[in-house]
Amino acid sequence: MSLFNRIFPSRQQRRLIQAVSWADTALGDHAVWPLVRKDIVERIYHASSRDRQLGPARKDAANTVLYAAFKVASAEASSGHHHIYRGRLSMIGVGYRALALDALSHLSVGGFLTEEDAAFERNNVEADIATVG
């Protein structure tokens, strides 16, 4: 089914892939973006159609991709795999954290998250990084 989905993607998959291409310009300057991008694209192709439900606007697809980038990057940064020691990230870990915070700022500026929600998520990421390692 994966090969079939890659050859004949659904409309929702095409919109999300286009949003990933847009995110290349917004987040492409981060060194870890290709790794996060690959993970997001795989999730798009392997997710069920119910998991890919989007609203009618292109902005929804872009926000979905930005939020996915935030979740993937923050999970990697706080996983413990990229820590030098407790609370200290390696250079790759710093890249994941920077990508997560940049995606979060795009979501906040775009109105997808309120400033309070963005601050809450930012504090959670920083707390998780500080306690894991």
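The values are calculated or read from the model by the stated rules, or taken from the named source; none is laboratory data. Predicted model only: the values in this text are computed from it and were never measured. Quick reminder, even Gly has a Cβ in these numbers, built from the backbone with ideal geometry, and neighbours come from all protein chains shown.
When the residues of the stretch 112-133 are filtered to those that are exposed (fewer than 15 other Cβ atoms within 10 Å of the Cβ) and touching a helix residue (DSSP H, G or I) at 6+ places or on another chain (Cβ under 9 Å), which remaining residue is nearest to Y85 (Cα to Cα)? Checking each candidate, the answer is N124. Has the stretch 45-63 got any residue that is surrounded by 12 or more Cβ atoms within 10 Å (Cβ to Cβ) and either among the polar types (S, T, N, Q) or at pLDDT 95 or above (or both)? Yes: the stretch 45-63 contains one or more residues that are surrounded by 12 or more Cβ atoms within 10 Å (Cβ to Cβ) and either among the polar types (S, T, N, Q) or at pLDDT 95 or above (or both). Within the stretch 17-35, the set of residues being touching a residue at least 40 places away in the same chain (Cβ under 8 Å) and either farther than 15 Å from M91 by Cβ or loosely packed, with under 15 Cβ neighbours inside 10 Å (or both) comprises Q18, A19, V20, W22, A23, A26, L27, A31. Within the stretch 91-108, does at least one residue satisfy the condition of being over 14 Å from the mean Cα position of the chain (by Cα) and assigned to a loop (DSSP other than H, G, I, E, B)? Taking every residue of the stretch 91-108 in turn, none turns out to be over 14 Å from the mean Cα position of the chain (by Cα) and assigned to a loop (DSSP other than H, G, I, E, B).
Every condition in (1) buried (at least 17 other Cβ atoms within 10 Å of the Cβ); (2) within 16 Å of the chain's Cα centre (by Cα); (3) touching a residue at least 24 places away in the same chain (Cβ under 8 Å) is met by H83 except one, and the failing one is (2).
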